[in-house]
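I have placed the structure first, in the form of structure tokens, so that the comments after it can refer back to it.
The values are calculated or read from the model by the stated rules, or taken from the named source; none is laboratory data. Because the structure is predicted, anything quoted here is derived from the model rather than measured. Ligands, DNA and RNA are excluded from the accessible area calculation, which covers all protein heavy atoms including side chains. Shrake-Rupley method; radii C 1.70, N 1.55, O 1.52, S 1.80 Å.
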Amino acid sequence: MPSVASTCDRVASLVHDGHPQLRGAPAPSPTIKITSSPEPTTGRGEACDGHVSLEADLDGDRRPDLVYHDFVRGEAELGVCTAAGPRQTIPGLGQSELLEIVDVQGDGRDEAFFGATSASAQFLEVAVISNDRLQVVRLPDGAPLQLTSGLELGEPTGVRASAFGCEDVDGDGARDLVLVTMIRRGQEFVWRRRAFSVQGAAASPLSEDAGQTPASGGDPEMAERARSLTTTCPIKAGG
């Protein structure tokens, strides 16, 4: 994935079970703000109320929606202007550095990957429109599904390399999200790979496996090895 130059102090400071928690412990879905929509006939309006936006189809109606991740009144905000509905917003991440539009399943209905950066990694969450509401995709325990790419510094085990991708893990014809982590243990890189299916705003575990491979090179080599264990998600816009 393309790197982003800015940094996010908030990301590295919050850790839970060895994973960056961008908003702390699991919490109920945030309240959605709904405001009057820009011109609904085109779905474009004034670039979604003046924000620089990416085009997507989050609601699956085959009409273009506009999505932005911006800093609004001192807080990061993710917003969407659908072609026929009101603008909806939820809290964003970091300094609103990252936004990508991805069709994870390959079904024509897009997801918004939005997030923040540290000096060496990117941290993202996934937003969808489900039941006519803009929502963050969550795990069964209510925590947001978090995607990480790059080198995470200061982990209890030392430096950890992380990557994510999109693959059809269960063979049903739809791509799933795959999360990879890797650490150095002696002369080996030890890896863990987890797969999740995404249906609406719910992420369900599909599989988990682990292994090791002889270590060679330094941390950049470990990061490259982690990326090689999955397939890059097809980015439609942003990055």
(request) Give me the distance between the Cα centres of region 117-149 and region 155-196, rounded to whole Å. (result) 16
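Full extension from ASP168 to VAL72: what is 0.36 nm times the residue separation minus their Cα-Cα distance, to one decimal in nm?
Values: separation 96, 0.36 × 96 = 34.56 nm, distance 3.69 nm.
So the extension gain works out to 30.9 nm.
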(request) Amide H neighbours of ASP168 under 5 Å, at least 5 residues apart or on other chains, H built in the peptide plane: list them. (result) ASP176
(message) Leaving out ligands, DNA and RNA, and with a 1.4 Å probe, what % of the accessible surface on region 80-239 is carbon or sulfur?
(response) 47
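Just the accessible area per residue of region 72-146, please: how many Å² with a 1.4 Å probe?
Details: 2240 Å² over 75 residues.
Ligands and nucleic acids excluded, the figure is 30 Å² per residue.
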(request) Work out how much length ALA202 to ASP61 would gain on full extension: take 0.36 nm times their residue separation and subtract the Cα-Cα distance, in nm to one decimal. (result) 48.7 nm
(message) If you count only protein heavy atoms with a 1.4 Å probe, what accessible area per residue comes out for region 151-190, rounded to a whole Å²?
(response) 44
